[in-house]
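Novice: This structure is in structure tokens; I'll ask about it shortly.
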Amino acid sequence: MGTGAVRPARSVGIRGVGGLGAHAVRPARMVGAASVLAIDPLPSARERALLFGADVALVPLAPDFAEAVREATAGRGLYIAHPSRSGSVPSGPTRTPPTEGAGGDG
């Protein structure tokens, strides 16, 4: 099984954590991600991701989403964000730049 560019001590966001997406949480945790953020509009999906080991479950369109990501990652932002569903979400992992002046994850 590949790790999808998840590296130890890096923060990872998993967008779309219903069904298969929730199963991406455990491999990220096993690889040693510093924090695993589950991102989904559905409360049931977020709850399931937390049961699978996500550190935080966030609503993607919440007004405080960016601040919640910064808080969950100690200001570093996400090293990588994995979309785990089809539709309007871009395919493949996406690097998210750190907050300006935060120093980043890498």
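Quick note: the coordinates plus some simple rules give every number you see, no bench work behind them. This is a predicted model, so every value here is computed, not measured. Backbone-built Cβ (ideal geometry, glycine too); neighbour counts: all protein chains shown.
Novice: How many residues are within 18 Å of A74 (Cα to Cα) and part of a loop (DSSP other than H, G, I, E, B) if we restrict to the range 7-59?
Specialist: Total satisfying the criteria: 9.
Novice: Please list, ordered by first then second residue, the pairs with beta carbon atoms under 9 Å, 6 or more apart or interchain, first in the range 58-69 and touching a residue at least 40 places away in the same chain (Cβ under 8 Å) and exposed (fewer than 15 other Cβ atoms within 10 Å of the Cβ), second charged (D, E, K, R) and assigned to a loop (DSSP other than H, G, I, E, B).
Specialist: Once the first residue is touching a residue at least 40 places away in the same chain (Cβ under 8 Å) and exposed (fewer than 15 other Cβ atoms within 10 Å of the Cβ) and sits in the range 58-69, its partners that are charged (D, E, K, R) and assigned to a loop (DSSP other than H, G, I, E, B) give P60/D40.
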